[in-house]
Amino acid sequence: MSSEQSLKRIWASGPFDLEGLPAAAEQLIPVLSNVLRPVDEGRIPAGVVALKGEMGAGKTTLVKALCAAWNVVEDAVSPTFALVQSYLGQNRTIYHLDLYRLKNEEEAWDLGLTEYFDGDELNFVEWPERAPGILPEDAVLLEVDVNGLHVDGTRELYLSIPHELRM
């Protein structure tokens, strides 16, 4: 997904508080299953989800809620310092990348981060704006917006897909 690529918003969660995050994740799963690479009914889809939101918006907490909804046993944690975390669920690996600490897009290429996108895994990429050129053209964008203060403000999720992607 390049920064100049045209996106079409296809889904919005409506406002919810942090306690409502698991329910929002449950609503999001069938939508993600429709737009990412198909797999068996009810299983974790494959593809790349670019997660965009300001610091403290709840991107990692959202990944944690999605992993829990997919019955992933491991607890999802922030990959900020490790760059990549991986979790196994339903015979599919979920990679969780955080590009916040990258100096530039070249560093992402040098680290070989694009190799995570080559297989049949699910990839969540936080801070995709740090290296937009590494994301595949069929990556979808999931935005986490905060209304009010981070601590007690409501959140809204917005899912957008490339115009070329068919549902």
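The values are calculated or read from the model by the stated rules, or taken from the named source; none is laboratory data. The shown structure was predicted, so the numbers you read here are calculated from the model rather than taken from an experiment. Using ideal geometry, Cβ is built from the backbone for each residue, glycine included, and neighbour counts are taken over all protein chains shown.
Residue 123 fulfils the conditions (1) outside any strand (DSSP E or B); (2) surrounded by 14 or more Cβ atoms within 10 Å (Cβ to Cβ) except for a single criterion, (1).
For (1) closer than 29 Å to residue 149 by Cβ; (2) basic (Lys, Arg), each residue gets a yes or a no:
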| residue | (1), (2) |
| --- | --- |
| 46 | no, no |
| 59 | yes, yes |
| 82 | yes, no |
| 95 | no, no |
| 98 | yes, no |
| 102 | yes, no |
| 107 | no, no |
| 122 | no, no |
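Filtered by the rule that a residue be among the hydroxyl-bearing types (Ser, Thr, Tyr) and modelled with pLDDT of 90 or more, the range 74-105 gives 86, 87, 93, 95, 100. Filtering the range 102-116 to residues that are assigned to a loop (DSSP other than H, G, I, E, B) and either touching a helix residue (DSSP H, G or I) at 6+ places or on another chain (Cβ under 6 Å) or not hydrophobic (A, V, I, L, M, F, W, C) (or both) leaves 102, 103, 104, 112.
Scanning the range 139-153 for any residue that is in a loop (DSSP other than H, G, I, E, B), in contact (Cβ under 8 Å) with a residue 40 or more places away in the chain, in contact with a Gly (Cβ under 9 Å, 6 or more places away or on another chain) and over 18 Å from residue 60 (Cβ atoms) turns up at least one such residue. Figure legend. Inter-residue proximity from the range 109-134: first residues more than 20 Å from residue 63 (Cα to Cα) and free of Cβ contacts under 8 Å to residues at least 40 places away in the same chain, second residues in a helix (DSSP H, G or I) and of a type in the set (Val, Ile, Thr), beta-carbon distance below 6 Å, spacing 6+ or different chains. Indicated pairs: 134/114. Scanning the range 1-36 for residues that are modelled with pLDDT under 90 and under 14 Å from the mean Cα position of the chain (by Cα) returns a single hit, 1. One residue alone among 130, 92 is under 18 Å from residue 64 (Cα atoms) and basic (Lys, Arg), and that residue is 92. Of the strands (runs of 3 or more DSSP E) that lie entirely inside the range 1-101, those containing 1 or more residues that are among the small types (Gly, Ala, Ser), touching a residue at least 60 places away in the same chain (Cβ under 8 Å) and surrounded by fewer than 19 Cβ atoms within 10 Å (Cβ to Cβ) span 7-12.
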